[in-house]
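Beneath this line is the structure, given in structure tokens, with notes to follow.
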């Protein structure tokens with residue numbers, strides 16, 4: 001995404017949380033647990049007037065470590081509200097782990113943590 | 001001699017309290033027939049054909065952790081473990097060294113009876129993932145289910161080989177869906 005889009009679409013309203021161990025050894029499988037406060041409106045529910053509530057979901061999740069993608073997911077309405085995702089990657093050296101959630105309109109939110117890797 | 005209505009129903013095997021015990025839960029690959037292929041549900045045939053072509057997908061390497069019964073279909077915990085395997089791909093020789101062993105690249109999840117059968121597609125880029133034989137991808141998430149059904153996971157490896165796993169679940173209260181479905 002180019003910088004213009006980043007400024008326009010950055011959404012601060014989604015609260016995200018992700019858990020990472022503070023430190024890891026080289027070659028260790030690191031568990032990442034992520035959570036985002038988001039309704040993941042499936043588009044199949046109807047309101048009291050009988051009108052369908054439009055679909056509004058996080059459609060993509062990405063995790064980058066040391067600037068490289070280590071995990072990504074394309075999400076569909078079948079993912080429950082407040083999407084929870086956990087996965088692993090292999091630690092190699094100290095660096096930033098960045099999680100990004102992108103919705104169907106392109107708005108996104110990012111969270112970053114540092115992983116300390118020791119021998 | 002069963003007298004009450006509940007005991008008559010239980011006797012006939014129709015009581016709802018009996019069903020969850022009979023339904024399958026997490027898949028058990030160690031007991032599975034190694035040559036078994038995935039029985040694709042009718043609802044998913046065209047969808048899976050569009051994604052994977054007409055190939056038969058072997059049931060191996062993929063284990064799902066799903067409760068046998070979900071009280072509420074709005075949020076059901078699902079775990080999937082996939083083996084990165086040298087011998088997991090169809091027909092590859094066991095003399096492959098780790099560098100060229102096929103590794104997991106993508107994992108697809110489907111819900112047989114949801115209005116839209118796709119649940120998620122996970123990508124496993126090379127960076128940050130090793131190709132060692134015992135590396136296992138271990139994903140957890142929460143899903144929404146509109147009905148009691150089978151959840152199917154299909155793993156795709158770097159050489160194009162596929163592996164599948166499935167689990168069945170009984171859903172007591174379906175997640176809200178369009179009534180016309």
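Read-outs: derived from the displayed coordinates by stated rules, not from any lab. What you see is a predicted model, and the numbers here were worked out from it, not measured in a lab. Cβ sites come from the backbone with ideal geometry, for glycine too, and all protein chains shown count toward neighbours.
Just a few scattered comments:
- Average beta carbon contacts from partner chains per residue of A:61-72, 10 Å cutoff: 4
- Ratio of the Cα radius of gyration of chain A to 2.2 N^0.38 Å, where N counts its residues: 1.21
- Remark: mean inter-chain Cβ contacts per residue of A:33-46 equal 3, using a 10 Å Cβ-Cβ cutoff to other protein chain atoms.
- Average partner coverage of B:114-126, which counts Cβ from other chains inside 10 Å: 6
- The stretch between residue A:116 and residue A:47 holds 20.1 nm of extra length on full extension. This uses 0.36 nm per residue minus the Cα-Cα distance.
- Averaging the sequence gap over all C-alpha pairs within less than 8 Å and six or more residues apart, then dividing by the number of residues, gives chain A a relative contact order of 32 percent.
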